[in-house]
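All remarks here apply to the structure that follows.
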Amino acid sequence: MQAYTTTYGTEPRIETLPEKKLVGKRLTMSLSNNKTFELWKSFMPERKLIKNSLSTDLLCIQVYDPSHDFKNFNPDTVFEKWAAQEVSDFTDVPETMEPYTLRGGLYAVFLHRGASATFYKTFQYIFGAWLPQSEYALDTREHFEILGDKYKNDDPDSEEEIWIPIKMKE
């Protein structure tokens with residue numbers, strides 16, 4: 001794996017991810033009708049009910065319709081967002097949660113450093129500069145963030161990984 005630092009620049013790590021089993025909660029939303037706070041407020045107190053988690057990392061997953069065109073950004077585009085944790089299997093899913101299988105595949109992994117309010121700048125770099133200039137195209141699989149030990153929400157020292165599904169350009 002190559003070293004990477006990305007806060008509005010530099011190269012991502014390219015990684016092939018195996019399929020992952022997750023347990024969590026989901027809501028349908030858009031950027032203009034953002035329910036992320038509501039989703040996490042519901043998930044966090046209940047995450048201790050997940051008995052077979054593989055780590056303390058949390059995943060924030062966005063599932064877009066395969067026909068969604070990221071080139072024509074629209075804040076009203078509806079997508080599904082998950083707050084989840086990776087599990088070993090689906091044998092003991094809490095009643096208030098659902099299982100989800102994250103498809104594996106090729107991903108560009110970026111590191112966002114800073115408060116969540118600056119997240120849009122990292123996204124602008126990924127989709128406006130890096131992706132168009134790279135040898136990759138956006139794939140139609142899930143987008144997600146890994147919120148690990150260094151994630152501190154609105155703290156300027158917060159860190160999270162941004163996983164963008166990619167494929168070779170045709």
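Read-outs throughout are calculated quantities, based only on the coordinates presented, and are distinct from any laboratory measurement. Keep in mind the model is a prediction, meaning the values are calculated, not measured. Heads up, the Cβs are rebuilt from the backbone with ideal geometry, glycines too, and the neighbour counts pull from every protein chain shown.
Overall dimensions of the chain, expressed as equivalent-ellipsoid semi-axes from the Cα gyration tensor (√(5λ), whole Å, largest first), are 25, 17, 17.
Divide the volume of the convex hull around the Cα atoms of region 20-102 by the residue count and you get 94 Å³ per residue. Model label sites at Ala117 and Asn74, defined 7 Å from Cα along the beta-carbon direction, differ in position by 3.1 nm.
The Cβ shell under 12 Å around Lys152 holds other residues with a net charge of -4, Lys and Arg each +1, Asp and Glu each -1.
For the chain, a crude dipole built from +1 on the beta carbon of Lys and Arg and -1 on the beta carbon of Asp and Glu, taken about the Cα centre, is about 100 debye to the nearest 20. Taking Lys and Arg as +1 and Asp and Glu as -1, the other residues whose beta-carbon sits under 15 Å from that of Leu17 total -2.
Here r is the Cβ-Cβ distance between Ser67 and Thr91 and R0 is 41 Å; the resulting FRET efficiency, rounded to 0.05, is 0.75. Between Lys35 and Ser30, the built amide H atoms are under 5 Å apart, and every one of these is 5 or more places off in sequence or on another chain.
A crude spin-label estimate for the pair Arg103 and Met168, with each label 7 Å from Cα along the Cβ direction, gives 1.9 nm.
Work through the residues other than Ala137 whose Cβ is under 14 Å from its Cβ and net out their charges, Lys, Arg +1 and Asp, Glu -1. Net of charged neighbours comes to 0. Only lysine pairs 8 or more places apart or on separate chains count here, and in region 20-102 those with Cα atoms under 23 Å apart total 19.
Relative contact order, whole percent, for region 1-153 stands at 39, derived from Cα pairs under 8 Å and 6 or more residues apart.
Counting only the backbone N, which residues of region 86-118 are under 19 Å from the spot 7 Å out from the Cα of Glu19 toward its beta-carbon? Of the residues in region 86-118, 86-93, 98-107 have backbone N under 19 Å from the label point off Glu19.
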